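Each remark here refers to the structure printed beneath this line.
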């Protein structure tokens, strides 16, 4: 799983990518520092990975019918 943080339009974009799947969370730059977003990204990573697994299972179920 790739985790990136981008700065765009006065927001930090915390992006998780795995295979064809992507999840992104946005944080206002004036409310959060880059270090805070990094810590949030680390603490959320396990839950995000589990969500990717769920997304893949849902896709596989829908495409097999």
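The values are calculated or read from the model by the stated rules, or taken from the named source; none is laboratory data. All values derive from a computational prediction rather than experimental measurement. Here the Cβ positions follow ideal geometry from the backbone for every residue, glycine too, while neighbour counts run over all protein chains shown.
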Please indicate, with yes or no, whether at least one residue in region 45-62 is surrounded by 13 or more Cβ atoms within 10 Å (Cβ to Cβ), over 10 Å from the mean Cα position of the chain (by Cα) and at pLDDT 95 or above. no
Would you check if residue 4 is free of Cβ contacts under 8 Å to residues at least 40 places away in the same chain, exposed (fewer than 14 other Cβ atoms within 10 Å of the Cβ) and touching a strand residue (DSSP E or B) at 6+ places or on another chain (Cβ under 9 Å)? yes
In region 7-34, the residues that are without any contact (Cβ under 8 Å) to a residue 12 or more places away in the chain and over 13 Å from residue 53 (Cα atoms): 8, 9, 24, 31, 33
Tell me whether region 10-33 contains one or more residues that are on the phi > 0 side of the Ramachandran plot and either part of a helix (DSSP H, G or I) or modelled with pLDDT of 95 or more (or both). yes
